[in-house]
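Let me begin by presenting the structure, written as structure tokens, before commenting on it.
The values are calculated or read from the model by the stated rules, or taken from the named source; none is laboratory data. Everything numeric here is computed off the predicted structure, so don't read it as measured data. Cβ: placed from backbone, ideal geometry, glycine included. Neighbour counts: every protein chain shown.
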Amino acid sequence: MGPEERDLAEGAGRQADSLQQVTTTVTGMDRVTQQNAAMVEQATAAARSLSEEARQLEDDVSRFRMTTGDAAGRSAMRMAA
């Protein structure tokens, strides 16, 4: 094997090593992307659940609102003062 062939073989070896590093990096990035997608799905589900709970709480609290003309409301205001 002459010097040119050795240089070509060494270059091909370095290129193969570099491609392996790229493959490893891309595989890692793909794994992280999938993890991020799963976290986004979980966060979306949690946000929807929280939104529904907030709506339900708003409905529940709205039943306790009193007008200032209401005798019970005036009595409650006097007790709070």
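Could you count how many residues in the stretch 34-67 are surrounded by fewer than 10 Cβ atoms within 10 Å (Cβ to Cβ) and either touching an Asp or Glu at 6+ places or on another chain (Cβ under 9 Å) or β-branched (V, I, T) (or both)? Here the count works out to 2. So which of R31, R65 is modelled with pLDDT under 90 and either out of contact with any His (no Cβ under 8 Å at 6 or more places or on another chain) or assigned to a loop (DSSP other than H, G, I, E, B) (or both)? Testing whether each residue is modelled with pLDDT under 90 and either out of contact with any His (no Cβ under 8 Å at 6 or more places or on another chain) or assigned to a loop (DSSP other than H, G, I, E, B) (or both) leaves just R65.
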